[in-house]
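Enquirer: Submitted below is the structure of interest, expressed as structure tokens.
The values are calculated or read from the model by the stated rules, or taken from the named source; none is laboratory data. Owing to the predicted nature of the structure, the values given are computational and were not obtained by experimental measurement. Glycine gets a Cβ as well: all are built from the backbone with ideal geometry, and neighbour counts include every protein chain shown. With ligands, DNA and RNA removed, areas are computed over all heavy atoms of the protein, side chains included. Shrake-Rupley method; radii C 1.70, N 1.55, O 1.52, S 1.80 Å.
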Amino acid sequence: MAGKRKIRVGPAGWSYKDWEGIVYPQKPGAKFDPLEYLARFFDTIEINSSFYRPFTASTAKSWVNRVSDAVDFKFTAKLNRVFTHERGKATEEDEKLVREGMDELASVGKLGAVLLQFPWSFKNTDDDRVYLAKLLERFREYPLALEVRHSSWNNPQIYEWLEELGVGICNVDQPLFTKSIKPAALTTSQVGYVRLHGRNYQDWFREKAPRDDRYNYLYSLDELEPWITRIKEIAKKTKESYVITNNHFRGQAVVNALEIESTLTEKRVVAPEPLFKLYPALTDSATPEANVEEPRLFE
């Protein structure tokens, strides 16, 4: 993983109440910082709060300061939902607010990619292609990665178009239903992107399913193995690739991210100590932080 072609692995988000006592200490204390803590183990985290509300420049500065010990760390960030899920409602003020935080991260070299995540309902139609083209133009100065979930986008002409624009494509693992886009190892820019959402078929499209239920899934090592092959293939064609685990319920995203990291590096990695109580099989891939003399990976 060293050298020009970098693979970064990490979870989506860090602020989850149900991670207390599983990923984080049970009673961490007032000075405990979950972002700083996770940056000991991963060199990227996807900012998912930006999907719900833009972050300010001061917030971005705070995040950068909090991961300062991890000198090689980079964030990725989801574009606000008003541009992807509430199409046609975005105002100039919405764009201004999004740019404020993104520009701050970019100015200090900590913005690895901006993810444009569209829902399954966003399809390869004339109107949606026009909308997408305008949106990509609107944020063209950022390193963009496009996540679409409907199989109508699985079209060579679409990938050629994205390549011409220098926009990356996000390869997703999700429950596969009719017209769902399937796992792949596609690249359309120098930024590779993979997101693993889990395979909770029961709750994925259940209308009233809570968010945690949808992402309640733990990948087995056998299920991850084909993705390891895809990730390596993606890395061969990109300068930097991001592998994000989004199956966040009860810290499962952290477990699978560590297992992916371990498999890619072919060695055991350092992991948060609380994880091993609930996930004892993690000992095959990781060592508890307390058992390592120098726990910070990036010093």
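Enquirer: Of all residues in the stretch 260-271, count the ones that are under 17 Å from the mean Cα position of the chain (by Cα) and open to solvent by less than 20 Å² (accessible area, probe 1.4 Å).
Expert: Qualifying residue count for the region: 1.
Enquirer: On to the next question. Return the residues of the stretch 1-20 that are surrounded by 15 or more Cβ atoms within 10 Å (Cβ to Cβ), of a type outside the set (A, V, I, L, M) and either at pLDDT below 95 or not in a loop (DSSP other than H, G, I, E, B) (or both); say none if nothing qualifies.
Expert: Arg5, Lys6, Arg8, Gly10, Pro11, Tyr16, Trp19, Glu20
Enquirer: Taking the conditions exactly as written (of a type in the set (A, V, I, L, M), at pLDDT 95 or above, open to solvent by less than 20 Å² (accessible area, probe 1.4 Å) and closer than 29 Å to Glu273 by Cα), does Leu35 satisfy them or not?
Expert: Working: of a type in the set (A, V, I, L, M): yes; at pLDDT 95 or above: yes; open to solvent by less than 20 Å² (accessible area, probe 1.4 Å): yes; closer than 29 Å to Glu273 by Cα: yes.
In short, yes.
Enquirer: I need every pair where a residue in the stretch 57-86 that is over 13 Å from Glu36 (Cα atoms) and polar (S, T, N, Q) has its Cβ under 7 Å from the Cβ of a residue that is at pLDDT 95 or above and in a helix (DSSP H, G or I), sequence separation at least 6 or different chains.
Expert: Filtered contacts from the stretch 57-86: Thr59/Gly101; Asn80/Ser50; Asn80/Phe51; Asn80/Asp94; Asn80/Val98.
Enquirer: A further question follows. Search the stretch 16-30 for residues that are free of Cβ contacts under 8 Å to residues at least 40 places away in the same chain and under 12 Å from Arg250 (Cβ atoms) and pair each with any residue that is polar (S, T, N, Q) and assigned to a loop (DSSP other than H, G, I, E, B) when their beta-carbon atoms are under 9 Å apart and the residues are at least 6 apart or on different chains.
Expert: Note: pairs meeting the criteria are Glu20/Gln26.
Enquirer: Next question. Just the residues that are assigned to a loop (DSSP other than H, G, I, E, B) and either over 23 Å from Thr245 (Cβ atoms) or of a type in the set (Gly, Ala, Ser) (or both), please, taken from the stretch 72-120. First the steps, then the outcome.
Expert: Restricting attention to the stretch 72-120, the residues satisfying the condition of being assigned to a loop (DSSP other than H, G, I, E, B) are 72-73, 79-80, 84-91, 108-110, 118-120.
If the condition is that a residue be assigned to a loop (DSSP other than H, G, I, E, B) and either over 23 Å from Thr245 (Cβ atoms) or of a type in the set (Gly, Ala, Ser) (or both), then Glu86, Arg87, Gly88, Lys89, Ala90, Thr91, Val108, Gly109 are the ones that fit.
Enquirer: Turning to a different aspect of this structure: Can you tell me which residue within the stretch 185-228, out of those that are within 22 Å of Ser151 (Cα to Cα) and modelled with pLDDT under 75, is most open to solvent (accessible area, probe 1.4 Å)?
Expert: Glu207
Residue-wise test of (1) of a type in the set (A, V, I, L, M, F, W, C); (2) in contact with a Lys or Arg (Cβ under 6 Å, 6 or more places away or on another chain).
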position	(1), (2)
Asp94	no, no
Val114	yes, no
Leu132	yes, no
Thr187	no, yes
Arg199	no, no
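Enquirer: Out of all the residues in the stretch 88-112, which are over 22 Å from Lys239 (Cα atoms) and touching a helix residue (DSSP H, G or I) at 6+ places or on another chain (Cβ under 6 Å)?
Expert: Of the stretch 88-112, the ones over 22 Å from Lys239 (Cα atoms) are 88-101, 104.
Answer for the stretch 88-112, where residues must be over 22 Å from Lys239 (Cα atoms) and touching a helix residue (DSSP H, G or I) at 6+ places or on another chain (Cβ under 6 Å): Lys89, Ala90, Asp94, Glu100, Gly101, Glu104.
Enquirer: Which of the residues that make up the stretch 136-155 are charged (D, E, K, R), farther than 16 Å from Val82 by Cα and at pLDDT 95 or above?
Expert: Across the stretch 136-155, the qualifying residues are Glu137, Arg140, Glu141.
Enquirer: Within the bounds of the stretch 108-123, is there any residue that is open to solvent by 60 Å² or more (accessible area, probe 1.4 Å) and of a type in the set (D, E, K, R)?
Expert: Taking the stretch 108-123 and keeping what is open to solvent by 60 Å² or more (accessible area, probe 1.4 Å), we get 108, 120-121, 123.
Now narrow it down to the ones that are of a type in the set (D, E, K, R): 123.
The answer is yes, given that some residue of the stretch 108-123 is open to solvent by 60 Å² or more (accessible area, probe 1.4 Å) and of a type in the set (D, E, K, R).
Enquirer: Please state which one of Tyr142, Tyr159 is of a type outside the set (A, V, I, L, M, F, W, C), assigned to a loop (DSSP other than H, G, I, E, B) and touching a Leu at 6+ places or on another chain (Cβ under 8 Å). Give the derivation first.
Expert: Details: Tyr159 fails: assigned to a loop (DSSP other than H, G, I, E, B).
Only one candidate passes the filter, namely Tyr142.
Enquirer: Which residue is surrounded by the fewest Cβ atoms within 10 Å (Cβ to Cβ), if the candidates are limited to the stretch 162-184 and must be part of a loop (DSSP other than H, G, I, E, B) and not hydrophobic (A, V, I, L, M, F, W, C)?
Expert: Of the residues in the stretch 162-184, the ones part of a loop (DSSP other than H, G, I, E, B) are 166-167, 174-179, 181-184.
Adding the requirement that they be not hydrophobic (A, V, I, L, M, F, W, C) leaves 166, 174-175, 178-179, 182-183.
Numbers: Gly166: 14, Gln174: 21, Pro175: 16, Thr178: 5, Lys179: 12, Lys182: 11, Pro183: 15.
Among those that are part of a loop (DSSP other than H, G, I, E, B) and not hydrophobic (A, V, I, L, M, F, W, C), it is Thr178.
Enquirer: Which of (1) assigned to a loop (DSSP other than H, G, I, E, B); (2) within 30 Å of Glu233 (Cα to Cα); (3) open to solvent by less than 20 Å² (accessible area, probe 1.4 Å); (4) of a type outside the set (Val, Ile, Thr) does Phe55 not meet, given it meets every other one?
Expert: (2)
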